[in-house]
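The values are calculated or read from the model by the stated rules, or taken from the named source; none is laboratory data. This one's a predicted model, so the numbers in the text were calculated from it and none came from an experiment. Every residue, glycine among them, receives a Cβ derived from its backbone with ideal geometry; neighbour counts consider all protein chains shown. These accessible areas exclude ligands, DNA and RNA; they are computed on the full protein's heavy atoms, side chains included. Shrake-Rupley method; radii C 1.70, N 1.55, O 1.52, S 1.80 Å.
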Amino acid sequence: MNQIAIHRDGNLMYYAYAYRKTKSEIYGVCIVCGEICLNLQWLYEYFQKVLEASAYKGVLFCFDEHGKIRKNVEKFSSEAAEVDSLFCEIKGYVNKWQSYWEVLPSEDFSIPIESKISFAFDEEAKDKITDAIRHYHNVIVTMKNTAPSSFAKTIERLNSEKVQLQKERETLKNSIESLSKQKKQYRWVIVLSMLVVAGLIAILLFNRNVNELRNELMKREYSVDSLRSVVTNRDSVIYTQKKDLKHTQSILDTFALYMPILVSDMEVKNGNENYGGRIYSDRTTYIHPKLTVYSLIDGIVNLYVKFYTPNGLLTSSKADMSLTGYSYKDNVVLNKNQSTTVYLLGWGGDDRGHWNKGAYRIEVWYNNACIKAKTFYIY
């Protein structure tokens with residue numbers, strides 16, 4: 001079964017393709033795009049080409065040390081250079097075909113993040129997908145059940161190569177044994193019978209077989225030399241890609257000096273209620289934000305929060321005049337290269353019904369830069 005799962009997070013679009021080969025084997029590719037909507041038929045065909053190419057090159061399957069065919073996905077996933085190469089290829093291809101981009105439809109902020117819809121792809125699926133992206137955060141599209149042809153071809157090719165090599169090995173072994181026996185027999189015939197004609201025939205036959213074996217060995221040696229050349233070239237490529245990886249890490253470290261905090265999600269709740277649930281005016285007290293943060297630094301940082309009312313006014317604290325331009329601030333502890341859920345202090349009052357109905361906006365700032373914003377509604 002082939003499916004494409006679409007997840008929308010604001011202006012970020014996640015497209016994940018999954019191909020179920022068997023009950024226990026699932027292969028897939030996922031890309032993330034910003035502020036664009038891709039044509040699913042085109043994307044589905046390209047995803048299949050990516051998996052077919054990976055299977056044909058031996059990325060998905062290979063021989064182990066015992067000559068048995070096994071999956072190679074785990075090794076591929078652990079090789080940063082291979083993953084980075086595939087990423088650059090997909091990125092370049094998507095950017096090349098901008099004619100398959102569409103404008104991302106406006107987002108309905110009233111729907112919950114877990115909203116989902118599923119349907120099968122057909123000729124009229126384009127309008128259905130656009131409408132679904134507008135009204136749902138998660139869209140599952142079942143595509144035509146067409147398996148990538150190179151999976152079967154790769155298994156067939158590997159099996160064929162294995163069987164052929166085994167046959168050639170057995171043939172060479174039998175030929176050598178046969179030649180050894182013939183050699184002994186011819187020596188005894190020459191010694192015992194002194195038949196010159198028979199001896200010459202035996203020598204000619206032996207020389208012909210030896211020449212054939214010698215030619216076969218030369219071909220094998222040439223194949224080994226070719227494989228050594230391939231390995232040398234790949235080592236060179238790996239070395240270059242490792243240098244590129246170090247350069248990329250250096251860029252990332254530089255980026256961390258200016259924007260070390262990345263916020264992927266923000267939710268709010270009223271008082272002791274659940275995050276993401278509806279907030280009703282007559283029950284409101286304190287509004288609590290919750291952030292999902294990925295940090296490039298260690299330590300305690302100050303996060304500043306701005307609350308805007310439906311008429312665009314910034315709410316602020318009269319008790320703390322040092323927070324000019326902000327509603328309040330909070331200190332949070334972050335761990336480097338880790339995703340952390342951060343619960344900020346609430347903003348509001350003790351009396352129920354503190355907040356009026358309407359659309360409110362909350363912004364989180366760090367180092368004079370807005371790192372996340374969200375509009376929420378009080379009903």
Strictly over 23 Å apart at the Cα level, which of Lys23/Lys144; Lys128/Lys290; Lys336/Lys374; Lys71/Lys242; Lys329/Lys357; Lys91/Lys336 would you flag in this model? Lys128/Lys290; Lys336/Lys374; Lys71/Lys242; Lys329/Lys357; Lys91/Lys336
Solvent-accessible area, 1.4 Å probe, carbon plus sulfur percent, for the chain: 54
Given bins 5 angstrom wide, list per bin the percent of all Cα-Cα distances in segment 279-375, short to long. 3, 12, 21, 25, 18, 12, 7, 3, 0
State in Å² the accessible area per residue of segment 271-329; use a 1.4 Å probe, count heavy atoms of protein chains only, and round to the nearest integer. 56
Which is farthest toward the positive dipole end of segment 217-258 among Tyr239, Phe255, Leu217, measuring Cα position about the Cα centre, with Cβ charges +1 (Lys, Arg) and -1 (Asp, Glu)? Leu217
Ranking Trp188, Gly92, Tyr14 by how far each Cα lies towards the positive end of the charge dipole of the chain (+1 on Lys and Arg Cβ, -1 on Asp and Glu Cβ), the top one is Trp188
Would you indicate which of [x] 73, 50, 43; [y] 82, 40, 40; [z] 123, 49, 37 is the value of Cα extents along the principal axes in Å derived from the coordinates of this structure? [z]
Residue (of Gly277, Val305, Thr292) at the positive-pole extreme of segment 235-379, dipole from beta-carbon charges: Gly277
Most fluctuating residue of Ala369, Ala53, Ala18 in a GNM of the chain with Cα springs under 10 Å: which is it? Ala369
Where the only charges are on Cβ atoms (+1 Lys, Arg; -1 Asp, Glu), what is the dipole of the chain about its Cα centre, to the nearest 20 debye? 1580
Trypsin sites (Lys or Arg not before Pro) lying in DSSP loop within segment 87-144, provided at most 14 other Cβ fall within 10 Å: Lys144
Highest average packing first - 31-39, 274-282, Cβ atoms within 10 Å: 31-39, 274-282
Going Cα to Cα from Lys162, which aspartates and glutamates come in below 17 Å? Please leave out same-chain ones fewer than 8 positions away. Asp64, Glu65, Glu170
What FRET efficiency comes out for the pair Glu221/Glu177, r = Cβ-Cβ distance, R0 = 22 Å, nearest 0.05? 0.50
